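Structure first, commentary second.
A short reminder: the numbers here are calculations on the coordinates, not readings from a lab. Worth saying up front: this structure is predicted, and the values here are computed from it rather than measured. We place every Cβ from the backbone using ideal geometry, glycine too, and count neighbours over all the protein chains shown.
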Ligand code: NAP
Ligand code: GDD
């Protein structure tokens with residue numbers, strides 16, 4: 001049988017790392033797109049660079065001609081769009097840029113597919129941030145979107161334009177609506193990685209303090225390794241469709257801190273309220289405090305996903321629980337410090 005050919009935009013990020021691994025193991029030819037950078041952009045995916053089925057090209061989803069050229073040259077069977085300015089907080093500082101990448105960039109890929117080959121299957125990396133300020137206690141594919149950031153708003157455009165192209169041009173174009181997913185490969189400025197990296201260093205006496213923002217937002221955290229399996233399954237269905245991918249369990253940031261501290265055997269006690277809230281260690285030293293700097297102009301207070309449709313149609317459910325996820329992330333930090 002002819003090898004399937006995948007083209008991944010966003011291959012240098014967290015999900016790109018895990019999706020590459022999955023597709024290479026399934027005997028795909030994997031092509032990925034990297035951007036020019038002043039530092040090494042392929043750090044995460046270094047271990048695949050010598051694989052004979054792995055190819056990296058320069059490109060950018062804001063550069064329409066580069067997308068068109070790559071689609072014509074590579075002739076992919078499947079395109080995964082994982083590329084985004086993916087930090088919600090940063091999107092308030094770079095709203096136009098974020099819209100350009102996260103919304104218009106997606107439209108450019110769809111146009112390239114439409115103009116090249118309607119048979120190419122397309123995956124768009126949608127997000128639970130699209131639900132935003134929701135009144136639903138648990139969110140599924142029928143829950144209304146009410147985004148609270150330039151990031152979430154741009155992703156809503158991407159979601160709808162993907163559906164539009166599916167319906168108007170009969171493209172196999174599907175949206176994942178993925179809830180937060182983490183791993184050792186997570187970017188440094190997302191809250192789980194920041195907490196685990198800092199508390200590990202604090203437990204070893206290598207850092208004094210961790211400063212956080214809102215401790216009371218709730219998130220539904222899964223493992224990226226599980227979630228890329230769902231992403232792949234979404235493109236192997238008979239028909240294109242949209243799927244919520246989540247664990248169905250939610251925790252506050254503070255609970256995540258407590259779980260991490262417990263696994264590190266770091267005894268902490270919380271004191272105070274609001275911006276004065278702190279956590280002290282067994283010696284009474286303040287090791288966690290709160291700063292306005294990390295608050296966002298608008299917050300998404302709680303997210304909890306209902307993946308019943310994915311369970312039924314994709315036969316998918318998350319396998320790695322939150323304690324296993326934190327344990328793996330701690331072990332990775334310890335190894336990188338050794
Ligand atoms: P990530 O680690 O931040 O990776 C983002 C990727 O997009 C990187 O490879 C980045 O390249 C690339 N990129 C950014 N702008 C680009 C552009 N203009 N052209 C081409 N590539 C560009 O994000 P992730 O956690 O892997 O998430 C993957 C996707 O899923 C994103 O679209 C994100 O919004 C979405 N998502 C993530 C989660 C989650 O919890 N992780 C949940 C729901 C949805 P550089 O390495 O050069 O920066
Ligand atoms: N980043 C960060 N840093 N967040 C903090 C901090 C901090 O110091 N302190 C508290 N938080 C809170 C944020 O206000 C937010 O409520 C929560 O921690 C999670 O923040 P992030 O880890 O930055 O993730 P996110 O939920 O905003 O966005 C992630 O998940 C989305 C899916 O729901 C990203 O991966 C998005 O790309 C993704 O779409």
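Centroid-to-centroid, using Cα positions, region 235-264 and region 129-187 are 15 Å apart. Taking the Kirkwood radius as Rh and the Cα radius of gyration as Rg, region 134-229 has a ratio of Rg/Rh equal to 1.08. Overall shape: oblate for region 241-318, with the ratio a/c of the largest to smallest alpha carbon gyration tensor axis at 1.5 or above and b/c at least equal to a/b.
Of 122, 190, the sequence from fewest to most neighbouring Cβ atoms within 10 angstrom is 190, 122. Enter the angle in degrees (range 0 to 90, nearest 10) between the Cα long axis of helix 105-116 and the first principal axis of the Cα atoms of the chain, meaning the one along which they spread out most. Value to nearest ten degrees: 20. Ellipticity at 222 nm from helices only: DSSP H runs of n ≥ 4 in the chain, each -39500 (n - 2.57), divided by the residue count, give -10500 deg cm²/dmol.
By the count of other C-beta atoms within 10 Å, a proxy for reagent exposure, 309, 208, 304 are ordered fewest to most as 208, 309, 304. Ordering 29, 285, 312, 201 by the number of other Cβ atoms within 10 Å of each residue's own Cβ, fewest first, gives 312, 285, 201, 29.
Ranked by the mean number of other Cβ atoms within 10 Å of their residues, highest first, the peptides 220-232, 99-111 fall in the order 220-232, 99-111. The Cα center of region 279-332 and the Cα center of region 1-28 differ in position by 26 Å. Of all DSSP-defined beta bridges confined to the chain, some 20% are antiparallel rather than parallel. Helix 224-235 sits at what angle to the longest principal axis of the chain, using alpha carbons and giving 0 to 90 degrees rounded to 10? Relative to the chain, helix 224-235 is tipped by roughly 20 degrees.
Tell me the angle of helix 322-337 to the major Cα principal axis of the chain, expressed in degrees between 0 and 90 and rounded to the nearest ten. The helix 322-337 is inclined about 80 degrees to the chain.
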